[in-house]
1. Taking the mean number of other Cβ atoms within 10 Å as a proxy for protection, how do you rank 212-219, 269-276, 143-150, 169-176 from highest to lowest?
2. Residue separation times 0.36 nm, minus the C-alpha to C-alpha distance between Ala143 and Ala121: what's the value?
3. Each residue of the range 117-131 in order: what ³J(HN,Hα) in whole Hz does its phi give by Karplus 6.51 cos²θ - 1.76 cosθ + 1.60, θ = phi - 60°, with x for Gly and Pro?
4. Once you place label points 7 Å from the Cα toward the Cβ at Ala177 and Ala94, how far apart are they in nm?
5. With only Lys, Arg, Asp and Glu charged, each at its Cβ (+1 for the first two, -1 for the last two), find how big the charge dipole of the range 122-257 is about the Cα centre; round to the nearest 20 debye.
6. Using the beta-carbon distance between Ile283 and Asn215 and R0 = 22 Å, what value does 1/(1 + (r/R0)^6) give for FRET efficiency, to the nearest 0.05?
7. Starting at the first residue of the range 135-140, write each ³J(HN,Hα) from the Karplus equation 6.51 cos²θ - 1.76 cosθ + 1.60 with θ = phi - 60°, in whole Hz, x for Gly and Pro.
8. Only bridges with both residues in the chain count here: give the DSSP antiparallel percent, nearest 5.
Amino acid sequence: MTLNPLIPGSGSIRILDQCLLPYAETWREIDTLEACARAIETMQVRGAPLIGVTAAFGVALAMRANASDTALAEAVARLARTRPTAVNLHWALARMREKLAAAPASERAAIAWREALAIHADDIAANAAIGRHGLALIAEQAARKPGPVRIMTHCNAGALATSGWGTALAPVYAAHAAGIPVSLWVSETRPRNQGLLSAWELSREGVPNTLIADNAAGHLMQRGEVDMLIVGADRIAQNGDTANKIGTYLKALAAAAHKIPFYVAAPTSTFDAACADGGGIPIENRSAAEVQRLSGLNELQQKTEVCIFAGHCANPAFDVTPAALITAILTERGSVAPANIATLLDS
């Protein structure tokens with residue numbers, strides 16, 4: 001993997017500004033808590049695992065400026081407000097708070113930085129393990145018929161969303177590296193067009209892919225042109241109900257109608273033990289401007305936006321796929337049916 005959207009430094013982090021992709025690869029230096037929080041809010045960094053990693057470094061940066069109990073509480077509270085749905089954010093903040101709470105203020109900056117680096121490394125390892133477990137499923141599918149395994153994904157749950165290979169795309173990259181032919185159907189995922197990010201990074205790695213309009217997915221499944229679906233997740237409830245980028249639920253319904261395996265790939269940090277089912281998952285509602293405007297390049301090759309509609313818009317960023325529509329969940333600990341989540345987490 002040649003792409004890493006967050007690079008830790010000695011006293012700051014560098015992030016690839018994903019708001020400018022795929023038009024430009026621009027790196028930003030982040031060295032304050034507020035800059036970290038804003039990067040998450042504006043989606044300069046995005047993807048549930050990467051949001052958690054970024055938040056951990058946000059706490060570490062805050063401790064370098066002020067390591068008091070008050071500053072720690074304020075840092076955690078500020079970062080917790082940035083994105084409501086991705087539970088990895090709250091998991092990372094809880095881990096940082098637990099590590100720092102009993103430490104002397106004089107040692108907190110050093111401890112916080114080490115812990116943030118550890119969370120970053122753990123994410124890389126989890127991505128690789130998810131890739132290995134998902135590879136077996138793709139290999140099984142490849143053995144059933146000639147030609148490439150035709151995989152549909154939604155949004156971006158690849159390298160840009162994590163610290164390593166990604167979640168949903170990790171098995172794809174593992175299969176490609178193993179010489180198993182794969183071909184990706186990549187849903188554009190309006191209004192943020194994050195499927196375009198998947199197409200961009202897959203193309204960088206030489207993985208065949210085709211970008212499609214969101215509403216083309218059911219048509220392709222109906223025609224028998226999809227062998228399996230793999231998507232990521234931002235939060236998974238105790239019963240296996242899963243929140244992911246808006247439009248995932250419709251794909252799961254179509255997959256069930258056509259008896260196509262539907263897999264969710266996520267690290268165990270995405271499981272919310274305090275959430276009984278999908279009804280308890282908070283759904284982020286983002287600005288109407290994301291629906292009202294289209295972005296592109298102007299004549300100077302600079303990103304620009306055009307307002308196409310000024311009326312009322314709704315912009316829910318996520319939906320919930322019921323556990324009954326999910327074939328299995330791929331984690332760093334293995335593949336598990338939604339009904340057996342408790343067994344996996346207790347292992």
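1. 169-176, 269-276, 212-219, 143-150
2. Working: separation 22, 0.36 × 22 = 7.92 nm, distance 3.36 nm.
In short, 4.6 nm is gained.
3. Values, residue by residue: 5, 5, 5, 4, 5, 4, 5, 4, 5, 5, 4, 4, 5, 4, x Hz.
4. Placing both labels 7 Å along Cα→Cβ, they lie 3.1 nm apart.
5. Numbers: 11 positive and 11 negative charges, 55 e Å.
Charge dipole of the range 122-257: 260 debye, to the nearest 20.
6. The value I calculate is 0.60.
7. For the range 135-140, the Karplus-derived couplings read 4, 4, 5, 5, 4, 4 Hz, x marking Gly and Pro.
8. Working: 22 of 41 bridges.
Given both bridge residues lie in the chain, the antiparallel proportion sits at roughly 55 percent.
The values are calculated or read from the model by the stated rules, or taken from the named source; none is laboratory data. Keep in mind it's a predicted model, so treat the numbers as computed, not measured. Positions of Cβ are backbone-derived with ideal geometry, glycine not excepted, and every protein chain shown enters the neighbour counts. Note: areas computed on protein heavy atoms with side chains; ligands, DNA, RNA excluded. Shrake-Rupley method; radii C 1.70, N 1.55, O 1.52, S 1.80 Å.
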